[in-house]
Amino acid sequence: MVAGRAAVKILFVHQNCPGQYKHLAPALAARKGWDVRFLTRPGKPDMAGVTKVEYDLAREPGKQTHRYLINLESAVLYGWAAA
């Protein structure tokens, strides 16, 4: 391990932090030399030892979007915002 650098870096990406990672992320962050971060939407709870990075959607799915495509458009917008 190089001085001042984490041995392991983990990034969790989940729009509803902490989701299914509420126990795993803090447990990993408690390990010496591990850098654990969470990329999520604003307003989600903090977790001990985990650095939270927030993103927000540029817009919601359009009102004119066909109902079969709303989930697809939403997924694209979340991916775009996270990137």
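For this structure, a couple of remarks:
- The chain, helix-only ellipticity at 222 nm - DSSP H runs n ≥ 4, -39,500 (n - 2.57), divided by all residues, nearest 500: -6500 deg cm²/dmol
- The string of couplings for the range 46-58 from the Karplus curve (6.51, -1.76, 1.60, θ = phi - 60°) is 7, 10, 4, x, 9, 7, 9, 10, 9, 9, 10, 5, 5 Hz, one whole number per residue in order, with x for Gly and Pro.
- Rounded to the nearest whole Hz, the Karplus-based 3J(HN,Hα) values (6.51 cos²θ - 1.76 cosθ + 1.60, θ = phi - 60°) of the range 15-23 follow the sequence 6, 10, 4, x, x, 6, 9, 4, 9, with x at glycine and proline.
- Tilt relative to the chain, helix 70-82 - C-alpha long axis, 0 to 90 degrees, to 10: 40
- Dipole size of the chain about its Cα centre, with +1 on Lys/Arg Cβ and -1 on Asp/Glu Cβ: approximately 200 debye, rounded to the nearest 20.
- Backbone amide hydrogens, once placed in the peptide plane, bring F12 within less than 5 Å of R37, F38, L39, excluding anything fewer than 5 places away on its chain.
- Listed residues L72, F12, A83: farthest to the positive end of the dipole of the chain (Cβ charges): F12
- For the chain, the number of Lys pairs separated by eight or more positions or lying on different chains, with C-alpha atoms closer than 29 Å, is 11.
None of the figures in this text is laboratory data; all of them are computed from the coordinates on show. Computed from a prediction, not measured in an experiment: that's the story for all the values here. Counting neighbours? That spans all protein chains shown, and the Cβs are built from the backbone with ideal geometry, glycine included.
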